Amino acid sequence: MTKTNPGRFFEDYRVGQVIRHAVPRTVAEGERALYHALYPARHALYSSDEFAAACGLDGSPLDDLIAFHVVFGKTVPDISLNAIANLGYAEGRWLRPVMPGDTLRSESQVIGLKENSNGTSGVVYVRTRGLNQVGEVVLEYVRWVMVRKRDASAPAPEPVVPPLASVVDVADLVIPDGFSFDDYDFELAGENHRLSDYRVGERIDHVDGVTIEEAEHMLATRLWQNTAKVHFDATFREDGRRLIYGGHIISMARALSFNGLANAQMIVALNGGAHANPCFAGDTIRAWSEVLDIAETDVPGVGAIRLRLVATKGDSSAFALRGADGKYAPDVLLDLDYWALMPV
Amino acid sequence: MTKTNPGRFFEDYRVGQVIRHAVPRTVAEGERALYHALYPARHALYSSDEFAAACGLDGSPLDDLIAFHVVFGKTVPDISLNAIANLGYAEGRWLRPVMPGDTLRSESQVIGLKENSNGTSGVVYVRTRGLNQVGEVVLEYVRWVMVRKRDASAPAPEPVVPPLASVVDVADLVIPDGFSFDDYDFELAGENHRLSDYRVGERIDHVDGVTIEEAEHMLATRLWQNTAKVHFDATFREDGRRLIYGGHIISMARALSFNGLANAQMIVALNGGAHANPCFAGDTIRAWSEVLDIAETDVPGVGAIRLRLVATKGDSSAFALRGADGKYAPDVLLDLDYWALMPV
Amino acid sequence: MTKTNPGRFFEDYRVGQVIRHAVPRTVAEGERALYHALYPARHALYSSDEFAAACGLDGSPLDDLIAFHVVFGKTVPDISLNAIANLGYAEGRWLRPVMPGDTLRSESQVIGLKENSNGTSGVVYVRTRGLNQVGEVVLEYVRWVMVRKRDASAPAPEPVVPPLASVVDVADLVIPDGFSFDDYDFELAGENHRLSDYRVGERIDHVDGVTIEEAEHMLATRLWQNTAKVHFDATFREDGRRLIYGGHIISMARALSFNGLANAQMIVALNGGAHANPCFAGDTIRAWSEVLDIAETDVPGVGAIRLRLVATKGDSSAFALRGADGKYAPDVLLDLDYWALMPV
């Protein structure tokens, strides 16, 4: 009997089932430094303890996407080892900053199952929670994935498709206790634009491009203990190429978006997202954003900006997204919808 | 007169001589994070402060192989700068976990010398010890290396070949004070297999593969302050290829072995090892293990498993090791024999 | 109106103007570990807390060049985004070691302006200061850069060319309070040569070579939050090559110079420097040094050595620098003039 993990297949999931994912992880200054080496990350809140203290935090938290990647990575052996495709995200919320020294683990609950009509695969919906060392939830999100069946003759489960919000309500955004932009230093943050300088529908070309190397995306993906073979093993795909972890593109695009959105400091919600096309080493990544909404929050001075973040391997100044057929343009890699906090 | 280090030649060594190696090194969270970025390391004891505390430690130690690489790297300028080949390891023991903030240095004693019959080189045996900032030995091992003579006419020393144990006795394995698996969480560790689930002779294909990049093996090798030219300088070898540090393959194979040996948590002894064939960037590394022995220790609940860890650039599921001629198969890169601690 | 940073053009600078650069940065053990992974850095003062404590410091500071790169990187969006060339450095001094946990920011004062005769660009001279979280200056240097004009018809400013010292006076070198080489351990430092073993005019071939990879120079350059497109975007230059950040070559050459200058521990002044030729991935970097001066300081036992550090992609043992025409030889990448502290 094999001792290695074959991963779960579609028929191994039950609605209501809770999976406690393995390998808790303590994250600290080392992960922060690597994040700055891997991505051109410059948001001041995640770069300077003093800047973060001026915003009411105990010091600079780890990047919100470090929290996401670590929590996500732990789910891979249980959720997506036999996945055909990562289909979507919804109802993602960051509930508590992750500080150096925190230990994260992940749990997922199966909230929906729907076999595909071909009978060889099905869609699994999970709500994943990241917890810290004292059991506080730091992050939660829903993800749905198309997973192979082990045995095509296994009976289809009762289909359950969970109702999912298309956008996290502003009232549900969680702002850390004591968080404030009252002493915000726009000069140190890098730009003067505050929430009132943006308008819904505005699009921003983030201008800069980064050509991706094999070594870099593998370092990143391993750092989050994401074990999916396709990212590391050049012999796995017929074309001899290693598929880049979609989260690498999320972090690259978010970091590039500093140029024009330097004050969109803290990511607080993930409304949705699609990895539109695969990305490979040698591609040059650029990004553009569209302002989808602007809102006040319960905390005076702290606004929320809802952004569409698009990563492309083409020209970001063209703002391409979908073709006439409604499908993503071939150069589009990522279409992400999130809320961030910004001084009003 | 040159100010640079020409390295020692065979005739520069004397049996009994103690060499205090240069450049002590403080290791901390940064080295840990890089280790996780460079290798798919997932053993929970080295990933989570909480998991380690539940095993009776003060927090998560640095990976046992970080300790090995740092201690080993310091010996290179004194032992292997003029080496032709790294011939073997024996009697390796980890005596004390290395915690973030510890400072390591290395000392080696020459314990054997034997000139080769060709008169141009000889074998040097050293026992190397890694010490922390308070002088405690954290690690020791014997290594023997074939080293060039500066001058072929230099007289051969009296040959001394030290007696070396083929395996570290279980009674000599050192388990940290207070170490316990009584509160071990198999679910968080990632697998349910305990010592009693393994049998001597069992072989495990670790399934996953990693294709190696130049940038990654150089980052790793530099991190351990290993200065051997052949790893960094593409103009050094006639074929323009950089030889990958054998320790990079050890760490890669050990990390891959998580899949099937997730509970072989702590490496406590190195019985022997051979770098069977050279490895170069572009090779895809896979690993398989064979259970060589199983034993109880003095600490109730803490078992020891003796493993052969084989890294290959071929198909790990074939369990290839040696050809009919007794030589290592051409795809085999590493044949390592070690003891690890596992819940009984 | 665009929200992205177009950078400053020549006509945007005024003599006397002070620019407070964005994005303060807390640096810690993670940056130290990455520095050791990116460069073969072995100077013991920056490797071991215990070695540094024996020299009178509170622990091992971050490498002097980490401080330089972080302070420099912050100036890029304000000073060199529209630069044609980085022309020179002068009057650089390290005033205070940077310890893990310190937060750095940068300020530059424009101290000179001179339009070029072609009317399309000009030279901007700035004195940049790096400050820590309590406002102490940790580093200062003068840099001059050739910057494009936005509008060729903009009037030329009154030319101001600041007087700059060709070398920092020994009396102006700052030695940290309590710093001492009285308990210096030459064996642990790696070499026996003290200041009195070097003579002015002596040249040292540092022997070792490192072949540079795209992933490595990009990791390094991003780590310092240097945003210059030309380092990251393979589509930016017509030849499809990414130009390597000159600071990467400085750090590589300095690290290589350990072999022969292991006791040139602390960099205290940058007298001047030129990035003689561009460097690209695939180049193999070697280094040689020339002793330009030797001096005592106010602190007994602490000497100062003035060094020319030359990086080359050719043969370092040829000590090539300039051709008969007075121009840098085509293989020369860097010509740096600095003071370091060494036991007398």
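The values are calculated or read from the model by the stated rules, or taken from the named source; none is laboratory data. Everything numeric here is computed off the predicted structure, so don't read it as measured data. Virtual Cβ from ideal backbone geometry, glycine too; neighbours counted across all protein chains shown. With ligands, DNA and RNA removed, areas are computed over all heavy atoms of the protein, side chains included. Shrake-Rupley method; radii C 1.70, N 1.55, O 1.52, S 1.80 Å.
In the assembly of identical copies, A:Ala165 has its label point, taken 7 Å from Cα in the direction of the beta carbon, separated from the corresponding points by 6.2, 6.2 nm (ascending, one decimal). Only Lys, Arg, Asp and Glu carry charge here, each on its Cβ (+1 for the first two, -1 for the last two); on that basis segment B:1-144 has a dipole of about 480 debye about its Cα centre. In sequence order, segment A:154-171 has phi-based couplings of 4, x, 6, x, 3, x, 10, 10, x, x, 10, 5, 6, 8, 6, 5, 4, 5 Hz under the Karplus curve 6.51 cos²θ - 1.76 cosθ + 1.60, θ = phi - 60°, and Gly or Pro positions carry x.
Think of chain C as having a plus end and a minus end, set by charges on the Cβ of Lys, Arg, Asp and Glu; of C:Ala152, C:Val123, C:Val302, C:Ala152 sits farthest toward the positive end of this dipole. For A:Gly56, the point set 7 Å out from Cα toward Cβ sits 4.6, 4.6 nm from its twins in the other copies, listed from shortest up.
Between 0 and 90 degrees, rounded to the nearest ten: what's the tilt of helix A:214-223 against the longest Cα principal axis of chain A? With both axes taken from Cα atoms, the answer is about 90 degrees. Over 20 Å apart at the Cα level, from the set A:Lys114/A:Lys149; C:Lys114/C:Lys229; B:Lys229/C:Lys313; A:Lys229/B:Lys313, are C:Lys114/C:Lys229. Take each residue in B:35-43, count the other chain C-beta atoms within 10 Å of its C-beta, and the mean is 6.
Given R0 = 22 Å, the distance between the Cβ atoms of C:Asn118 and C:Val15 translates into a calculated FRET efficiency of 0.55. With each label modelled as a point 7 angstrom along the Cα→C-beta vector, the A:Arg203-B:Val134 pair spans 6.4 nm. Dipole check for segment A:255-313: with +1 at the C-beta of Lys and Arg, -1 at the C-beta of Asp and Glu, and the Cα centre as origin, the magnitude is about 260 Debye. Given A:Ala234, A:His217, A:Ile204, which one lies farthest toward the positive end of the charge dipole of segment A:180-252, if we put +1 on the Cβ of every Lys and Arg and -1 on the Cβ of every Asp and Glu? Ranked along the dipole, the leading option is A:Ala234.
Buried area at the A:B interface is about 3100 square angstrom, summed over both chains, from accessible surfaces computed with a 1.4 angstrom probe. In terms of the mean number of neighbouring beta-carbon atoms within 10 Å, the peptides A:320-327, B:328-335, B:219-226, A:16-23 order highest first as B:219-226, B:328-335, A:16-23, A:320-327. In this structure, A:Ala152 and A:Asp239 have a Cβ-Cβ separation that, at R0 = 25 Å, corresponds to a calculated FRET efficiency of about 0.40. Computed from backbone phi with θ = phi - 60° and the Karplus coefficients 6.51, -1.76 and 1.60, the 3J(HN,Hα) list for segment A:257-268 is 6, 3, 6, x, 9, 4, 9, 7, 6, 10, 7, 10 Hz; x is used for glycine and proline. Between segment A:46-90 and segment C:213-235, the C-alpha centres lie 24 angstrom from each other.
Position B:Arg199: other-copy label points at 7.6, 7.6 nm, ordered by increasing distance, label point 7 Å along Cα→C-beta. Computed extension length for A:Lys327-A:Phe186: 46.9 nm, one decimal, from 0.36 nm per residue of separation with the Cα-Cα distance subtracted. Here the peptides B:53-62, A:286-295, B:150-159, C:43-52 are ranked by packing, the mean other Cβ count within 10 Å, and the order with the highest first is C:43-52, A:286-295, B:53-62, B:150-159. Over chain B, accessible surface divided per residue gives 34 Å², non-protein components excluded, 1.4 Å probe.
Have a look at A:Val98, A:Ile79, A:Gly135 and report the one farthest towards the positive end of the charge dipole of segment A:75-196, computed about the Cα centre with Cβ charges (Lys/Arg +1, Asp/Glu -1). My answer, from the dipole projection, is A:Ile79.
Quick check on chain C: take the gyration tensor over C-alpha atoms, sort the square-rooted eigenvalues as a ≥ b ≥ c, and tell me if it's rounded (a/c under 1.5), prolate or oblate. Prolate. For the protein assembly as shown, a simple Cβ point-charge model (Lys and Arg +1, Asp and Glu -1, everything else neutral) yields a dipole of about 2120 debye relative to the Cα centre. Note on B:Thr284 and C:Ala53: their simple-model spin labels are 4.9 nm apart, each label 7 Å out from Cα toward Cβ. Within the accessible surface of segment B:21-77, defined with a 1.4 Å probe on protein heavy atoms only, the carbon and sulfur portion equals 47 percent.
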